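**Q** Sharing a structure with you now.
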Amino acid sequence: MARGSINKLVSRSLSFAGNWQQQQIRRLNIHEYQGAELMSKYGINVPKGVAVSSVAEVKKAIQDVFPNQNEIVVKSQIFAGGRGLGTFKNGFQGGVHIVKTEQAEETAGKMLGQILVTKQTGPQGKVVGKVYLAEKLSLVNEMYFSIILDRTTAGPLIIACSKGGTSIEDLAEKFPDMIIKVPIDVFKGITDDDAAKVVDGLAPKVADRNASIEQVKKLYQLFRECDCTLLEINPMAETADNQLVAADAKLNFDDNAAFRQKEIFALRDSSQEDPREVAAAKADLNYIGLDGEIGCMVNGAGLAMATMDIIKLHGGTPANFLDVGGNASEGQVVEAFKILTADDKVKAILVNIFGGIMKCDVIASGIVNAAKQVQLKVPVVVRLEGTNVDQGKRILKESGMTLITAEDLDDAAQKAVKAITSA
Amino acid sequence: MSVNEERRKKRKPSKECGKWEDSRVVSGIFQATIMATGQLFSPTTQALFYNYKQLPIQRMLDFDFLCGRETPSVAGIINPGAEGFQKLFFGQEEIAIPVHSTIEAACAAHPTADVFINFASYRSAAASSLAALKQPTIRVIAIIAEGVPEADTKQLIAYARANNKVVIGPATVGGIQAGAFKIGDTAGTIDNIIHCKLYRPGSVGFVSKSGGMSNELYNTIARVTDGIYEGIAIGGDVFPGSTLSDHVLRFNNIPKVKMMVVLGELGGRDEYSLVEALKQGKINKPVVAWVSGTCASLFKSEVQFGHAGAKSGGEMESAQAKNQALRDAGAVVPTSYEAFETAIKETFEKLVEEGKITPVKEVTPPQIPEDLNTAIKSGKVRAPTHIISTISDDRGEEPCYAGVPMSSIVERGFGVGDVISLLWFKRSLPRYCTQFIEICIMLCADHGPCVSGAHNTIVTARAGKDLVSSLVSGLLTIGPRFGGAIDDAARYFKDAYDRGLSPYEFVEGMKKKGIRVPGIGHRIKRGDNRDKRVELLQRFAHTHFPSVKYMEYAVQVETYTLSKANNLVLNVDGAIGSLFLDLLAGSGMFTQPEIDEIVEIGYLNGLFVLARSIGLIGHTFDQKRLKQPLYRHPWEDVLYTK
């Protein structure tokens, strides 16, 4: 159930009582080749490369893009880290290979359509739908560059270091004096002075200073115009031919800006997503699949989190994070129940509702209706509190369903854990 | 706002409620440093509400009433593109809250309203919030929308900081100062607010990220302490406009707040600012804190818990690390969420023992009148309806005419006669009957431009009046002398036939009473030049009707009247009137009382009105098309005389 540390597939939607606005946005994850294309569109130097989805395309792609190269890098495109050390289910080792140009077809053939398992994909792995053929660079210097949104300065902050290639945490430890931070005025944007300060911090050895300043400004332009929340170039490299090149990049986009970044969000690859989460997204539910045994249905992200904490405290493990929101309809409750019961790992279901605006009777009718539509094979523990609680309890009682009722959150968690251990 | 002033005079404020707190913040003090002064709201705080949402505003006003506020907490509503008033309840009475189309206009009209509650969508929330922040009268902004782009929020924060203003949210339910002021949907329903005693201030300052959890905590705090003084949900975004520590520091400066309860979440570093503040001794009141998300350690990789900011990042941002750091800095941190309640309770009891808590005087809040709709739904009250209707129903998936759905009317190939039979007679009549109705309508649709109805319509249309005026002006001429004879004809023929009068007795009886026999006589037609329309109707009836006794009686009457004068023919009104009697009696679809009622009410006149409308509308269009000028009757055609 692992997810990439920086690019994840998660859903988010309602999180508090009385939320009146439904939306469902899933964190965007784009492939490496898409990131490279985007950067090159902004005039940022990136290694030359081309993505292919079949072996047949490889030869022509190499002729077109790398007519004079002896070696190229063949990279599996999946939404997970640890590709280099991963293993394919067909036995082939490694998701990233540097090969002789003439071997590229063979290597790509072993990757395409295969399932790559890395430490971040979980044992089920991810299908490789595309491979990225990239130029092998000869780097003469590696630096670090990133732009983040910063709390203290209330705006974008550029971080640069004349050393690079390892994580920023490592750099901060080893070379604290070489890291410079340049805050950018959120209203004015980047100035020539700002960009020059950054380039001084990077201290390129062979690249032209003015050209480097232009690169920094273009990176900032991309960060702003594409609503990035993080743009990290590590390493920012200098090549033998005196170019400043973004050798590897991480791009995070603000989900909240999806409405005005249609082109970027169209890059989504749903083949890489968890089907349970896709189903939940359709029903406008905020769901994240996990590995545990107790299926949770809660209103409000905060309460969901507290519920999962208490399940853990009593020795259970939550099977999911599921927030039906502060204003769920009966239909959504039914859908939520269907997703929970369809999960084989779920051995008990815990419903925890504190109805502020959300009405307990709506939740109760949803549970009863869901029980009519799906076979309930596992015990269900219900804790209802708040608006229309008596009506809700009456509906549950009159339905004749076998439910375990709980008085408070703690009681509910204990009963759910007990239901599993005694089953 | 004259309405409110009037209200203020009318309503006697509850003395006890009014006295709670006199923290009315003079604007000058407020200006100093809003966060440091502590107090954001007071029982006189008024807000401007952006984007009209009835329920949250009504909930705010209900809260006001519960607290015994004299003025509603919503001074004005901004609804882009709309102006006027919105009717809402303030207790039992209705008040009209002004609606403005721009933020600037609203701020100018309500200079004392210093809170801006933004219910705009996530797309436009940032722009409207920035516009509001730029208004000098606005000091606090609450942004409800979840999903405001982070770069936009950054701008809001930067502007607010530079201009000493407070942003609550985005992605928040808002906040509440017990007994004084409530933002939008905070604390849920009135029942919940009463349950948590939020109608009067207690001694606890509460701040959380989650709005949903604040409901849970308001309950908990009400259970184990003297209640909430103020509660704020800062929202689940990565970059909230104001932070947990901002509000804790603020609470520290409010004398009535004796202790603080903080509910954090994993992800982000905000709790560490609180840790710093505690370590530096900036906080001298007890802080009970818990950071949710301890379960994150169960999962191998990063998990996002619904809130954008609740992301398990590095070790520092984990719930465990933050709880430990808060504990080390001197906050009361329980071992689990479950023990949170006990920790709050013990901290409060310690304050009581130390004599730091002044006992709260309990008051009974007034009852909020229940909304009629809710009360009816729950079966508590019943209300009489004011209108009854039996012919059509538009509530289902498609409208029904006398129980027949629109789709089957179309599928079964019904004509307009069938629709008339459903809507006028509330039943499906046999096709020959509905066809007869259609023939009547076609025959009566028009009768040239010279008859009084068409003439009126033409004159009106030429006066430049609209379609409806032109049509109605023509219809108004329909009556006893023009077109209105069908009903009378039916009435008299029916009466005479039913009483067994001979045509001679009938006609002479009428003559004695000085009544012309309706349905008999024509301006042009003669005994040797019958009305073609009458002949058509008679032919149709002879072919299709099971019985034509009334029509035959009418013909006998005509035979007699023709012996008196050659122009006393059965006219079209008489033919329709008598044949309709045959239809009603012969179809077997009506009982005798029903037939009597139909004739009595005067259904048949309706046929003429409906039919002639077709012609009158045609005349209107004709005149408009011809662009005819105003009609003036020529002098020559008028006899001027003494």
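**Q** Need one number for the stretch A:56-114: average projected area of the convex hull over its C-alpha atoms, nm².
**A** If you wrap the Cα atoms of the stretch A:56-114 in a convex hull and average its projections, you get 4.1 nm².
**Q** Quote the accessible area belonging to B:M442 in square angstrom, nearest 10, computed with a 1.4 Å probe and with ligands, DNA and RNA left uncounted.
**A** 130
**Q** Still on this structure: Place a label point 7 angstrom from the Cα of A:K377 along the Cα-to-Cβ direction, then list the residues of the stretch A:304-348 whose backbone nitrogen is under 11 Å away.
**A** A:341-347
**Q** Label 7 Å along Cα→Cβ of A:K188; the stretch A:196-218 residues with amide nitrogen under 19 Å?
**A** Counting backbone N atoms under 19 Å from the label point, the list is A:196-201, A:213-214, A:216-218.
**Q** Hand me the tally of lysine pairs in the stretch B:81-219: alpha carbons under 20 angstrom apart, and the pair either on different chains or 8 or more positions apart.
**A** Lysine pair count for the stretch B:81-219: 9.
**Q** If you don't mind, there's one more thing I want to ask. Report, in listed order, any pair from A:K282/B:K377; A:K59/A:K126; B:K285/B:K356 with a Cα-Cα distance greater than 20 Å.
**A** A:K282/B:K377; A:K59/A:K126
**Q** Additional query: Take the cross-link list A:K136/A:K197; A:K218/A:K262; A:K48/A:K262 and give me the ones stretching past 23 Å between alpha-carbons.
**A** Over 23 Å Cα-Cα: A:K136/A:K197; A:K48/A:K262.
**Q** Once you put a point 7 Å from the Cα of A:T153 and another 7 Å from the Cα of A:Q221, both along the Cβ direction, what distance in nm separates them?
**A** With each label placed 7 Å out from Cα toward Cβ, I get 2.1 nm.
**Q** In nm, to one decimal, how far is the A:A56 label point from the A:E37 one, both placed 7 Å along Cα→Cβ?
**A** So the label points at A:A56 and A:E37 sit 2.0 nm apart.
**Q** Shifting gears a bit: On average over all directions, what projected area in square nanometres does the stretch A:306-423 have, based on the convex hull of its Cα atoms?
**A** With every direction weighted equally, the projected area is 6.4 nm².
**Q** Could you please report the charge total around B:E597, scoring K, R as +1 and D, E as -1 over all other residues with beta-carbon less than 13 angstrom from its beta-carbon?
**A** -1
**Q** What does the charge add up to near A:K75, with Lys and Arg as +1, Asp and Glu as -1, over the other residues with Cβ less than 12 Å from its Cβ?
**A** Value of the local net charge: 0.
**Q** Between Rg and the Kirkwood Rh of the protein assembly as shown, both from Cα atoms, what is the Rg to Rh ratio?
**A** On the Cα set of the protein assembly as shown, Rg over Rh gives 1.14.
**Q** What spacing in nm lies between the two simple spin-label points modelled at B:E535 and A:R394, each 7 Å away from Cα in the Cβ direction?
**A** Here the modelled spin labels are 7.5 nm apart.
**Q** Assuming a ≥ b ≥ c are the square roots of the Cα gyration tensor eigenvalues, decide whether the stretch B:62-137 counts as rounded (a/c under 1.5), prolate (otherwise, with a/b larger than b/c) or oblate.
**A** Note, shape of the stretch B:62-137 comes out prolate.
**Q** Right, another one. What shape does chain A take by its C-alpha gyration tensor, where a ≥ b ≥ c are the square roots of the eigenvalues and a/c under 1.5 counts as rounded, a/b above b/c as prolate, and the rest as oblate?
**A** Prolate is the answer for chain A, as a/c is 1.5 or above and a/b outweighs b/c.
**Q** Under a Cβ-only charge scheme (Lys and Arg +1, Asp and Glu -1), can you give me the dipole magnitude of the protein assembly as shown about the Cα centre, in debye to the nearest 20?
**A** That gives the protein assembly as shown a dipole magnitude of about 1980 debye.
**Q** Now for a different question. Structure shown: which of A:K75/A:K345; B:K322/B:K361; A:K393/B:K380 lie over 27 Å apart, alpha-carbon to alpha-carbon?
**A** A:K75/A:K345; B:K322/B:K361
**Q** Would you please classify the overall shape of chain B from the alpha carbon gyration tensor, given that a ≥ b ≥ c denote the square roots of the eigenvalues, rounded means a/c under 1.5, and beyond that prolate means a/b larger than b/c while oblate covers the rest?
**A** It is prolate, given that a/c is not under 1.5 and a/b is the larger ratio.
**Q** Once you have the alpha carbon radius of gyration of the stretch B:86-221, what is it after dividing by 2.2 N^0.38 Å, with N set to its residue count?
**A** Rounded to two decimals, the normalised Rg is 1.12.
**Q** Report the far tail of the P(r) of the stretch B:337-481, meaning the percent of Cα-Cα pairs longer than 19 Å.
**A** For the stretch B:337-481, the share of Cα pairs beyond 19 Å comes to 77 percent.
**Q** Under the Karplus relation 6.51 cos²θ - 1.76 cosθ + 1.60, θ = phi - 60°, what is the ordered set of whole-Hz ³J(HN,Hα) values for the stretch A:216-227, x standing for Gly and Pro?
**A** So the Karplus estimates, Gly and Pro as x, are 4, 5, 5, 5, 5, 4, 5, 4, 6, 5, 9, 6 Hz.
**Q** Tell me the relative contact order for chain A as a rounded percent, counting alpha carbon contacts under 8 Å between residues six or more apart.
**A** 15
**Q** With loop defined by DSSP as not H, G, I, E or B, and exposure as at most 14 other Cβ atoms within 10 Å, which is the longest segment of chain B clear of exposed GluC sites (Glu not before Pro)?
**A** The longest such stretch corresponds to B:84-353.
**Q** Further, regarding this structure: For chain A, set up a GNM with springs between Cα atoms under 10 Å and report which of A:F66, A:F253, A:F223 has the largest fluctuation.
**A** A:F66
**Q** Expressed in nm², what is the orientationally averaged projection area of the convex hull enclosing the Cα positions of the stretch A:133-186?
**A** The directionally averaged projection comes out at 5.3 nm².
**Q** Give a quick list of chymotrypsin sites (Phe, Trp or Tyr not before Pro) in the stretch B:83-129 that DSSP marks as loop, anything other than H, G, I, E or B, with at most 14 other Cβ atoms within 10 Å.
**A** none
The values are calculated or read from the model by the stated rules, or taken from the named source; none is laboratory data. Quantities reported herein were computed from a predicted structural model and do not represent experimental measurements. All Cβ positions, glycine included, derive from the backbone under ideal geometry; neighbour counts span all protein chains shown. Calculation scope for accessible area: heavy atoms of the full protein, side chains included, ligands and nucleic acids excluded. Shrake-Rupley method; radii C 1.70, N 1.55, O 1.52, S 1.80 Å.
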